[in-house]
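The values are calculated or read from the model by the stated rules, or taken from the named source; none is laboratory data. This one's a predicted model, so the numbers in the text were calculated from it and none came from an experiment. Cβ: placed from backbone, ideal geometry, glycine included. Neighbour counts: every protein chain shown. Side chains are part of the model used for accessible areas, which takes the heavy atoms of the whole protein and leaves out ligands, DNA and RNA. Shrake-Rupley method; radii C 1.70, N 1.55, O 1.52, S 1.80 Å.
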Amino acid sequence: MSAAPLAGVRVLDISTLFAGPLAATFLGDFGADVIKVEHPAKPDAARGHGPAKNGVNLWWKTLGRNKRTVTINLGSPDGADLLLRLVADADVLIENFRPGTLERWGIGPAELLAANPRLVIARVTAFGQVGPYSGRPGFGSLAEAMSGFAALTGEPDGPPTLPPFGLADGIAALATSYAVMVALRSAESTGVGQVVDMAIIEPILMLLGGQITTFDQLGTVQKRTGNRSVNNAPRNVYRTGDGEWVAVSTSSQSIAERVIRLVGRSELADEPWFVSGHSRAEHADELDAAVSSWIAERSTAEVLAAFENAQAAVAPVYDVRGVLADPQYEAIGTIRTVDDDELGPVKMQNVLFRLSETPGDIRWAGRAHGRDTDDVLADIGVTPEQLAALRERGIV
């Protein structure tokens, strides 16, 4: 990994659960030396989320990959001192404690930047560092609710719907890793570090399109439309003749015309309202009826082949079994098998993107709680005798 683009960047991940830790994972995938700091007696709660095999958490294998794991009680004065010693040789610190917690422990931004003026401190919280909600506990589900995402998701006559996975956390993790890279670039040119204030309620809101501007200018509120879109039609999931599902999208005018001609309803393409995605969406019932009836009469294989031949946009609706069997995912290497010292070969998602000259890599899967404590603390001068004393007192 000597050619990795983030080789030489050291990241202290003292955050828990998903948004902060996943941001650190993204940085580690491209060569950053990520040191995961957890409480000696209370491991990151992410280690207890989801299924386990033989007592080994499976999601942690992905979330904790490329990280060295260390245990330190940051709430103790000696633990805080150890962190400051680690910070002196770090480039990034990612945390997600409630605002004021690090300050109370004597390791807030003032102390951290005094120890290392070039440090980038990413503070990831539900609501941000200031404001009336800043002190509240919060998770990604609250961001999915407050952002308007849940209000848009689900059938028109059904309740708002939350996703069955950490969507807002994942989006915030991507935004945090981007923010860290911007701040690192600034520190590189100015020699001055800074604080990144990342509120999980914000990045997901940015991805919901032009709702705010539309309401500001027109006073309209977007409603739930199920799998349909207010911006184009036909756009939905349709059941095939063998009981499976496919998704069809017509975001461009040319694709919409190809789809409607493919299903034998060319006359609809001549309608005045067919000229734009928005006006087509106003006739979604008619377009859905045309597409769904055609698809329902054919097997999934026939539908996919016909759409491909017509250069129209379609995809099968997969569960994880379909993902693992799909030849396109295989061709671009989306799934990686990693050798793990606890579970043996483990499949997981590969790094996010492919760089032609300095690709990322998965060097190891998520490690056991505190596995690297001795080695990491030895690097800052903690002797074996001192380490034993700290461990006896529950500091590490």
For this session: Mind counting the residues in region 143-174 that are among the β-branched types (Val, Ile, Thr) and either in a helix (DSSP H, G or I) or open to solvent by less than 20 Å² (accessible area, probe 1.4 Å) (or both)?
Result: 1
For this session: Could you check Lys36 against (1) open to solvent by 20 Å² or more (accessible area, probe 1.4 Å); (2) among the charged types (D, E, K, R); (3) in a strand (DSSP E or B) and say which number it fails?
Result: (1)
Problem set entry | Elements of type helices (runs of 4 or more DSSP H) in region 207-284, at least 2 residues being among the small types (Gly, Ala, Ser) and out of contact with any Leu (no Cβ under 7 Å at 6 or more places or on another chain) | 253-262, 266-269, 277-281
Problem set entry | Hits in region 9-33 - residues which are open to solvent by less than 10 Å² (accessible area, probe 1.4 Å), within 18 Å of Val87 (Cβ to Cβ) and in a loop (DSSP other than H, G, I, E, B) | Ile14, Ser15, Ala32
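Would you mind listing the strands (runs of 3 or more DSSP E) fully within region 45-136 where at least 3 residues are out of contact with any Phe, Trp or Tyr (no Cβ under 9 Å at 6 or more places or on another chain), open to solvent by less than 20 Å² (accessible area, probe 1.4 Å) and among the hydrophobic types (A, V, I, L, M, F, W, C)?
Fully inside region 45-136 and qualifying: 92-95, 120-125.
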Exercise. Does Gly140 meet the test of being on the phi > 0 side of the Ramachandran plot, open to solvent by less than 30 Å² (accessible area, probe 1.4 Å) and at pLDDT 95 or above?
Worked result: no
Seminar exercise, completed: When region 353-396 is checked residue by residue, the ones that are of a type in the set (Asp, Glu) and within 19 Å of Leu84 (Cα to Cα) are Asp372, Asp374, Asp375, Asp379
For this session: Being in contact with a Ser or Thr (Cβ under 7 Å, 6 or more places away or on another chain), open to solvent by less than 70 Å² (accessible area, probe 1.4 Å) and part of a loop (DSSP other than H, G, I, E, B) narrows it down to one of Gly370, Gly381, so name that one.
Result: Gly370
